[in-house]
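The values are calculated or read from the model by the stated rules, or taken from the named source; none is laboratory data. Given the structure is predicted, the values throughout are model-derived calculations rather than measurements. Note that we place each Cβ from the backbone using ideal geometry, even for glycine, and neighbour counts take in every protein chain shown. These area figures cover heavy atoms from the full protein model, side chains too; ligands, DNA and RNA do not enter into them. Shrake-Rupley method; radii C 1.70, N 1.55, O 1.52, S 1.80 Å.
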Amino acid sequence: MKAYVFPGQGAQFTGMGKDLYESSPLAKELFEKANEILGFRITDIMFEGTADELKETKVTQPAVFLHSVILAKTLGVQPDMVAGHSLGEFSALVVNGVLSFEDGLKLVSQRALAMQKACEVTPSTMAAVLNLDDKVVEDICASIDGVVVPANYNCPGQLVISGELKAVEVACEKMKEAGAKRALILPVGGAFHSPMMEPAREELAAAIEATTFASPICPVYQNVTAKAVTDPLQIKNNLIAQLTGAVKWTQSVNQMITDGATSFTEVGPGKVLVGLVNKINKEVETISA
């Protein structure tokens, strides 16, 4: 069975999608539609912009989403199961028929702006913890005063924590004392996938509730549950919970393999997810679209 996976924020690069735009009439049409929906020419920034311009919140998330979804549409992707890492879950939901292209893009744009606003409320950050058991990381987070939680279970020995700046700094010191190879503050705008994103979750929840979710053509393995989901209402609720909940990527990939996935194709910019899948399970085939 073929699993298709979709990357999240951080996979962007200058020139992303330009080859698609120039070689495929369908891609060109969808990119131009996106420019109209967003009210600015995101294609100019994607194709020619600087790294700093691409890092702007209102640009990054829609850019990665557009690259993934338009690439999938030009390839005529027929997945047996899908999953997306954080933002990538929205790409997965368009590709498996739950969201229309237009609705997916509007939600991603609203998500980006809501997250940006939430980041400005309290000083917060994320940190990567390497070579420490998940349980140890969870226990250390639970022992600290202030908000700090496991945010991304990327692969065995690679977990990202998220929360208030001071709490994350204290957690990093304790992780190193517990034997972590590294505990490194990441250059991000705020504490994604933590309770600090509650204002964004509330704002996005209203937009998601107002959007039509159709029955999927195949199961989606959602970040917050790491299980196959096909019920549109459940998909909606899990998507709302995702902003403040952890990305259970390791668990999702393992569950997809248990459920019959024999190959994983990463659709979108970069090869981050292919790398993570290889670290989670060396036996399955990985392809970068």
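Each stretch of four or more DSSP H residues adds -39500 (n - 2.57); spread over every residue of the chain, this sum gives -14500 deg cm²/dmol at 222 nm. Only one residue of Met175, Gln12, Ala151 has its Cα farthest out toward the positive end of the dipole of the chain, where Lys and Arg carry +1 and Asp and Glu -1 on Cβ, and that residue is Met175.
Whole-percent P(r), the range 104-223, all Cα pairs, 5 Å bins from 0: 2, 12, 19, 19, 16, 13, 11, 6, 2, 0.
Give the peptides 31-44, 104-117 in descending order of average Cβ contacts within 10 Å, highest first. List each step's numbers first, then the result.
Numbers: 31-44: 15.7, 104-117: 20.6.
Packing proxy ranking, top to bottom: 104-117, 31-44.
Each 5 Å bin, from zero up to the one with the longest distance, holds this percent of the alpha carbon pairs of the range 56-152: 2, 11, 18, 16, 14, 13, 13, 9, 3, 0. Ligands, DNA and RNA left out, the 1.4 Å accessible surface of the range 1-134 is 49% carbon and sulfur atoms. For a label point 7 angstrom out from the Cα of Ser23 toward its Cβ, which stretches of the range 34-53 have the backbone nitrogen within less than 17 Å? In the range 34-53, the label zone of Ser23 (backbone N under 17 Å from the point 7 Å along Cα→Cβ) covers 47.
Counting only heavy atoms of the protein chains, get the accessible area per residue of the range 49-176 (1.4 Å probe) and round it to a whole Å² value.
So the range 49-176 comes to 35 Å² accessible per residue, rounded to a whole number.
One-quarter of the Cα convex hull surface for the range 1-76, in nm²? In nm², the orientation-averaged hull projection of the range 1-76 is 5.0.
Computing Rg and the Kirkwood Rh from the Cα coordinates of the range 61-106 gives a ratio, Rg/Rh, of 0.91. Remark: the range 196-289 carries 42 Å² of accessible area per residue (probe radius 1.4 Å; ligands, DNA and RNA excluded). Compactness ratio for the chain: Cα radius of gyration over 2.2 N^0.38 Å (N = residue count) comes to 0.96. Here's the list of lysines a cross-link from Lys282 could span, going by alpha-carbon distance under 27 Å and ignoring same-chain residues fewer than 8 apart: Lys2, Lys135, Lys181, Lys227, Lys248, Lys271. With Kirkwood's inverse mean 1/r over C-alpha pairs for Rh, give me the Rg to Rh ratio of the range 167-289, two decimals please. Expressed as Rg/Rh, it is 1.01.
Per the Debye formula on identical point scatterers at the alpha carbon atoms of the range 235-275, with no solvent, log10 I(q)/I(0) at q = 0.13, 0.22, 0.34 Å⁻¹ is -0.38, -0.94, -1.03. Approximating the spin labels as points 7 Å out from Cα along Cα→Cβ, the Asp145-to-Ser100 distance works out to 5.3 nm. If you roll a 1.4 Å probe over the range 167-232 with all protein chains in place, what percent of the accessible area is carbon or sulfur? Carbon with sulfur: 54 percent of the solvent-accessible area. Relative to the dominant Cα principal axis of the chain, helix 232-241 is inclined by about 50°. Residue-normalised convex hull volume from the C-alpha trace of the range 191-256: 68 Å³ per residue.
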